[in-house]
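Peer 1: If you scroll down you'll find the structure; I have some questions about it.
The values are calculated or read from the model by the stated rules, or taken from the named source; none is laboratory data. Since this is a predicted model, take the numbers as computed values, not measurements. A quick note on method: Cβ atoms are made from the backbone with ideal geometry, for glycine too, and the neighbour counts reach across all protein chains shown.
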Amino acid sequence: MRDDRILYVVIPCYKEEEVLPETARRMKEKMRQLMAEGKISPASRVMFVNDGSKDRTWPIIRELHESDPLFSGVNLSRNRGHQNALLAGLMTAVNEADMIVSMDADLQDDINAIDAMIDAYHNGCDVVYGVRSSRKTDTFFKRFTAEGFYKLMKALGVDIVFNHADYRLMSRRAVEGLAQFQEVNLFLRGIVPQIGYKWTTVEYERAERFAGESKYPLKKMLAFAFDGITSFSVRPMRLILHVGAIVFLVSLVMLLYALISKLTGHADSGWTSLMGSIWMIGGIQLLALGVVGEYVGKIYAETKRRPRFIIEQVLNTPEEEKR
Ligand code: UDP
Ligand code: MG
């Protein structure tokens, strides 16, 4: 067993005033139980990251922190999205923690899986992925699109854990490894496998959102999926190249055909096919340009090296200060 056992649970929150009190209550129970069992140190914390919510999320976090040092808070200067908020929490927690669990605020991730994650950590794993054992509570549409997405990522050659979202445990050195990835287009579940180290998975049942509504409407979900693909795979670009090559070969055959028709005197019958091919090639060119533009856009964002988050305030009482 390892001796270092300070656990930080990082929870990004965006407009979560409806679920926060319940999440805090359940997490407190869980942390007390883990402490009683000696699995985690009494210096462990639950760290809520307020992702620029304008509702009562931050006041609630502040109240929690004042009522019990078990709760910490990080307030971002504005809304930066789930992945950046999570990163901000991880980078703040890594200063104090030996292991960090990340999870959503809405209690969809079964917090009882944390026990098994910590056991795996004590057995020498640096990364423990929470994997959903079923998608019973999802709508057919969500299940279909989500599982399709994981399969597509695999097909595109991206190393990604099937049915794993952002519910995972990472050791301190794994998070320090993550800190070295400087990309701005964050897709954490694609980056974490790149860190390496010994890893394992823990299965859990995903519940329905406890209260409030999803902060990932279809539009955001699609943008996130697209980001994931273009940040980790150049295959779409290559595919376009292949299509371009094939179209070029086809056009050579068409040229030959057109020449022969002209020589044999059937020239003006070719107007329709000519118009057709002009439109088709024009379309393919635009498509290719769009894909290339997508990657150029990514390069643009990366070269600017903008900060991925700005922290306005940190509320945390590490163990040393209490003494
Ligand atoms: N979230 C965030 N910033 C955002 C959107 C979401 O920090 O801009 C948080 C949200 O509070 C939750 C987690 O990310 O803790 C996942 O969001 P949600 O549960 O709405 O996504 P879903 O489970 O529907 O995919
Ligand atoms: Mg959710």
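Peer 1: Those residues that are hydroxyl-bearing (Ser, Thr, Tyr), within 25 Å of LEU188 (Cβ to Cβ) and in a loop (DSSP other than H, G, I, E, B), I need them from segment 39-62; list them, please. Walk me through it before giving the result.
Peer 2: Within segment 39-62, the first condition is being hydroxyl-bearing (Ser, Thr, Tyr), and the residues that meet it are 41, 44, 53, 57.
Narrowing further to those that are within 25 Å of LEU188 (Cβ to Cβ): 44, 53, 57.
Result: SER44, SER53.
Peer 1: Separate question: Can you confirm whether segment 127-134 contains a residue that is touching a His at 6+ places or on another chain (Cβ under 8 Å), closer than 24 Å to GLN33 by Cβ and hydrophobic (A, V, I, L, M, F, W, C)? Show your work before the answer.
Peer 2: First pass over segment 127-134, keeping only residues touching a His at 6+ places or on another chain (Cβ under 8 Å): 129-132.
Remaining after also requiring closer than 24 Å to GLN33 by Cβ: 129-132.
Restricting the remaining residues to those that are hydrophobic (A, V, I, L, M, F, W, C) gives 131.
Yes; the residues of segment 127-134 include at least one that is touching a His at 6+ places or on another chain (Cβ under 8 Å), closer than 24 Å to GLN33 by Cβ and hydrophobic (A, V, I, L, M, F, W, C).
Peer 1: Of all helices (runs of 4 or more DSSP H) completely enclosed by segment 202-316, which ones contain at least 2 residues that are loosely packed, with under 11 Cβ neighbours inside 10 Å and of a type in the set (Gly, Ala, Ser)? Quick ask: steps written out before the conclusion?
Peer 2: Numbers: elements: 218-232, 235-263, 271-304.
Result: 271-304.
Peer 1: If you go through segment 67-78 one residue at a time, do you hit one that is touching a Leu at 6+ places or on another chain (Cβ under 9 Å), farther than 23 Å from ASP4 by Cα and surrounded by 21 or more Cβ atoms within 10 Å (Cβ to Cβ)? If you could, list the steps in order and put the result at the bottom.
Peer 2: Taking segment 67-78 and keeping what is touching a Leu at 6+ places or on another chain (Cβ under 9 Å), we get 70-75.
Of the ones still in play, those that are also farther than 23 Å from ASP4 by Cα are 74-75.
Next cut, surrounded by 21 or more Cβ atoms within 10 Å (Cβ to Cβ) only: 74.
Yes, the conditions are met somewhere in segment 67-78.
Peer 1: Test GLU147 against the criterion of being acidic (Asp, Glu), more than 16 Å from ligand 2 (Cβ to nearest atom) and touching a Pro at 6+ places or on another chain (Cβ under 9 Å), and give yes or no. Let's see the steps before the verdict.
Peer 2: Details: acidic (Asp, Glu): yes; more than 16 Å from ligand 2 (Cβ to nearest atom): yes; touching a Pro at 6+ places or on another chain (Cβ under 9 Å): no.
So GLU147 does not fit the description; no.
Every residue, every condition in (1) more than 14 Å from ligand 2 (Cβ to nearest atom); (2) out of contact with any helix residue (DSSP H, G or I) (no Cβ under 7 Å at 6 or more places or on another chain), yes or no:
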site: ASN95; (1), (2): yes, yes
site: ASP98; (1), (2): yes, no
site: VAL101; (1), (2): yes, no
site: ALA105; (1), (2): no, no
site: ASP110; (1), (2): no, yes
site: ALA116; (1), (2): yes, yes
site: TYR121; (1), (2): yes, yes
site: CYS125; (1), (2): yes, yes
site: VAL128; (1), (2): yes, no
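Peer 1: Name the residues in segment 29-55 that are closer than 21 Å to LEU86 by Cβ and more than 16 Å from ligand 2 (Cβ to nearest atom), would you?
Peer 2: Applying the first criterion (closer than 21 Å to LEU86 by Cβ) to segment 29-55 yields 30-31, 40, 44-55.
Once the filter is applied, which keeps residues that are closer than 21 Å to LEU86 by Cβ and more than 16 Å from ligand 2 (Cβ to nearest atom), segment 29-55 yields LYS30, MET31, ILE40, SER44, ARG45, VAL46, MET47, ASN50, GLY52, LYS54, ASP55.
Peer 1: On to the next question. Quick one: in segment 167-177, which of the residues that are buried (at least 20 other Cβ atoms within 10 Å of the Cβ) and touching a residue at least 60 places away in the same chain (Cβ under 8 Å) is farthest from ligand 1 (Cβ to nearest atom)?
Peer 2: Our first condition is that a residue be buried (at least 20 other Cβ atoms within 10 Å of the Cβ); within segment 167-177, this holds for 167-171, 174-175.
Next, from what is left, pick out any that are touching a residue at least 60 places away in the same chain (Cβ under 8 Å): 167-171, 175.
On the way: TYR167: 10, ARG168: 14, LEU169: 17, MET170: 17, SER171: 22, VAL175: 18 Å.
Residue satisfying both the conditions and the ranking: SER171.
Peer 1: Further question on the same structure: Confirm whether ASP126 is within 29 Å of GLY196 (Cβ to Cβ) and surrounded by fewer than 16 Cβ atoms within 10 Å (Cβ to Cβ).
Peer 2: Working: within 29 Å of GLY196 (Cβ to Cβ): yes; surrounded by fewer than 16 Cβ atoms within 10 Å (Cβ to Cβ): no.
No: the conditions fail for ASP126.
Peer 1: Also: So in segment 189-204, with the set limited to residues that are within 13 Å of the chain's Cα centre (by Cα) and at pLDDT 90 or above, which one is nearest to ligand 2 (Cβ to nearest atom)? Before the answer, list the steps.
Peer 2: Pass one, segment 189-204, residues within 13 Å of the chain's Cα centre (by Cα): 189-193.
Keeping just the survivors that are at pLDDT 90 or above gives 192-193.
Details: VAL192: 19, PRO193: 22 Å.
Filtering segment 189-204 for residues that are within 13 Å of the chain's Cα centre (by Cα) and at pLDDT 90 or above, the one nearest to ligand 2 (Cβ to nearest atom) comes out as VAL192.
Peer 1: Continuing with this model, one more query. Find the residue count for segment 9-48, including only residues that are small (Gly, Ala, Ser) and within 16 Å of ligand 1 (Cβ to nearest atom).
Peer 2: Initially, segment 9-48 is screened for residues small (Gly, Ala, Ser), giving 24, 36, 38, 41, 43-44.
Checking which are within 16 Å of ligand 1 (Cβ to nearest atom) leaves us with 24.
The number of residues fulfilling the criteria is 1.
Peer 1: From the list ALA245, ALA223, ALA207, ALA288, pick out the single residue that is within 16 Å of ligand 2 (Cβ to nearest atom) and not basic (Lys, Arg). Can you show your working first?
Peer 2: Numbers: ALA245 fails: within 16 Å of ligand 2 (Cβ to nearest atom); ALA223 fails: within 16 Å of ligand 2 (Cβ to nearest atom); ALA288 fails: within 16 Å of ligand 2 (Cβ to nearest atom).
Exactly one residue qualifies, and that residue is ALA207.
Peer 1: Pull out all pairs, ordered by first then second residue, where Cβ-Cβ is under 6 Å, the residues are six or more apart or on different chains, the first lies in segment 6-30 and is farther than 13 Å from MET47 by Cβ, and the second is more than 14 Å from ligand 2 (Cβ to nearest atom) and in a loop (DSSP other than H, G, I, E, B).
Peer 2: Sorted first by the residue in segment 6-30, then by its partner, the pairs are TYR14/SER53; LYS15/SER53; LYS15/ASP55; GLU17/ASP55; GLU17/ARG56.
Peer 1: Any residue that is over 21 Å from SER233 (Cα atoms) and either at pLDDT below 90 or of a type in the set (Val, Ile, Thr) (or both) - is there at least one of those in segment 144-161?
Peer 2: Checked against the condition, which is being over 21 Å from SER233 (Cα atoms) and either at pLDDT below 90 or of a type in the set (Val, Ile, Thr) (or both), segment 144-161 yields at least one hit.
Peer 1: All but one of (1) without any contact (Cβ under 8 Å) to a residue 24 or more places away in the chain; (2) not in a loop (DSSP other than H, G, I, E, B) hold for HIS65; which doesn't?
Peer 2: (1)
Peer 1: Would you check if ASP51 is on the phi < 0 side of the Ramachandran plot, in contact with a Leu (Cβ under 6 Å, 6 or more places away or on another chain), within 15 Å of ligand 1 (Cβ to nearest atom) and not hydrophobic (A, V, I, L, M, F, W, C)?
Peer 2: Details: on the phi < 0 side of the Ramachandran plot: yes; in contact with a Leu (Cβ under 6 Å, 6 or more places away or on another chain): yes; within 15 Å of ligand 1 (Cβ to nearest atom): yes; not hydrophobic (A, V, I, L, M, F, W, C): yes.
Answer is yes for this residue.
Peer 1: Scan segment 68-98 for residues that are among the hydroxyl-bearing types (Ser, Thr, Tyr) and assigned to a loop (DSSP other than H, G, I, E, B) and jot them down.
Peer 2: Of the residues in segment 68-98, the ones among the hydroxyl-bearing types (Ser, Thr, Tyr) are 72, 77, 92.
Selection gives SER77 alone.
Peer 1: Just checking, does segment 199-216 include any residue being in contact with an Asp or Glu (Cβ under 8 Å, 6 or more places away or on another chain) and more than 16 Å from ligand 1 (Cβ to nearest atom)?
Peer 2: Yes - at least one qualifying residue is present in segment 199-216.
Peer 1: Within the set of pairs 6+ apart or on separate chains, which have a first residue in segment 92-112 that is closer than 24 Å to LYS136 by Cα, a second that is more than 14 Å from ligand 1 (Cβ to nearest atom) and in a loop (DSSP other than H, G, I, E, B), and C-beta atoms under 8 Å apart?
Peer 2: Final answer for the pair search is ASP110/GLU205.
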